[in-house]
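Working notes, structure below.
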Amino acid sequence: ASQGLLDELGQRTADLDSAKAEVDSLNREKALLESEFQEQQVDAASKAAAIDALAAEKDQLTKEVSTLQADTATYCNVIREHEDTSAANQNVIAELVSVRQHLESVIAQQQKEGAAQDEAIRAQEAEQQLLQRDSAAQKEEIASK
């Protein structure tokens, strides 16, 4: 009977050793899983921080795009105003060219009239000189009689 107890004790000791070995194996596996879990938490925190940074960058870029769109609208309005001003200036220039051409025509006409008047004055002066010569000749004739 004591041999049976010794055998049973040996069997239980072997079972206990086997259970301890399994517990040790499970504890190692648990430690490994806890280590992996901590790494995953660190990785998740890192990824969350990266996501937050990207979201902040996206918000900043969105603000910059909005500012650029507003600036573009302003520049387009300024360009339209300049185009309108340019068109108005071109109309004024066209009117001034027309006025200039008219004035050049008037000046040319006045120059022709001035030249004709100068010619008429020269003709009258020549006629007056002839009359003065005739008058002087007549005075001489009268004086000699």
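Every number here is computed from the coordinates shown, using simple stated rules; none is lab data. Remember, it's a predicted structure, so these values are computed and weren't measured experimentally. So basically every Cβ, Gly included, is an ideal-geometry build from the backbone, and we count neighbours across all protein chains shown.
The table below lists the values:
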quantity: Residue check for Ala143: surrounded by 10 or more Cβ atoms within 10 Å (Cβ to Cβ) and among the small types (Gly, Ala, Ser); calculated: no
quantity: Failed item in (1) loosely packed, with under 10 Cβ neighbours inside 10 Å; (2) within 45 Å of the chain's Cα centre (by Cα), with Leu54 passing the rest; calculated: (1)
